[in-house]
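Working notes, beginning with the structure itself.
The values are calculated or read from the model by the stated rules, or taken from the named source; none is laboratory data. The shown structure was predicted, so the numbers you read here are calculated from the model rather than taken from an experiment. Virtual Cβ from ideal backbone geometry, glycine too; neighbours counted across all protein chains shown. With ligands, DNA and RNA removed, areas are computed over all heavy atoms of the protein, side chains included. Shrake-Rupley method; radii C 1.70, N 1.55, O 1.52, S 1.80 Å.
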Amino acid sequence: MNKGIGKKFIDFFEYVSFVDDESKKAFLMVGNFNTTAISLYKKLGYIQVGAVPDLYVSGITEYLMMKARK
């Protein structure tokens, strides 16, 4: 199944997030049930910086992930 579509999406997301020299960080939210996406984000350098329980759906915690530009 791994066709690299998620990585391509993140590459594009980072391309538009880091549009200038002032953009130092990118943020995204991911549900705690989405372990595949969480693993990908961590592999790409994102770290969890927060958690918001019940943000969209009761019983689901959304993790705030961040990546700092090198």
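Residue count for segment 14-51 satisfying the condition of being touching a strand residue (DSSP E or B) at 6+ places or on another chain (Cβ under 7 Å), in a helix (DSSP H, G or I) and at pLDDT below 90: 2. Among residues of segment 51-64 that are without any contact (Cβ under 8 Å) to a residue 60 or more places away in the chain, those with a Cβ under 6 angstrom from a residue that is open to solvent by 60 Å² or more (accessible area, probe 1.4 Å) and among the polar types (S, T, N, Q), sequence gap 6+ or separate chain, pair up as Tyr63/Gln48. Within segment 30-51, work out how many residues are over 23 Å from Gly4 (Cα atoms) and open to solvent by less than 70 Å² (accessible area, probe 1.4 Å). Here the count works out to 2. Does Phe27 meet the test of being within 11 Å of the chain's Cα centre (by Cα), among the aromatic types (Phe, Trp, Tyr), open to solvent by 60 Å² or more (accessible area, probe 1.4 Å) and at negative phi? Answer is yes for this residue. The lone criterion from (1) surrounded by fewer than 12 Cβ atoms within 10 Å (Cβ to Cβ); (2) at pLDDT below 95; (3) charged (D, E, K, R) left unmet by Asp54 is number (2). Mind checking whether some residue in segment 56-64 is in contact with a Pro (Cβ under 9 Å, 6 or more places away or on another chain) and part of a loop (DSSP other than H, G, I, E, B)? Yes, segment 56-64 contains at least one residue that is in contact with a Pro (Cβ under 9 Å, 6 or more places away or on another chain) and part of a loop (DSSP other than H, G, I, E, B). If only residues of segment 1-17 that are in contact (Cβ under 8 Å) with a residue 24 or more places away in the chain and under 17 Å from Lys70 (Cβ atoms) are counted, the one that is surrounded by the fewest Cβ atoms within 10 Å (Cβ to Cβ) is Glu14. Do we have Asp20 as open to solvent by 80 Å² or more (accessible area, probe 1.4 Å) and either at positive phi or acidic (Asp, Glu) (or both) here? Judged against the criteria, Asp20 is not a match. From the list Lys70, Lys7, the one residue that fits, being of a type in the set (Lys, Arg) and in a helix (DSSP H, G or I), is Lys7.
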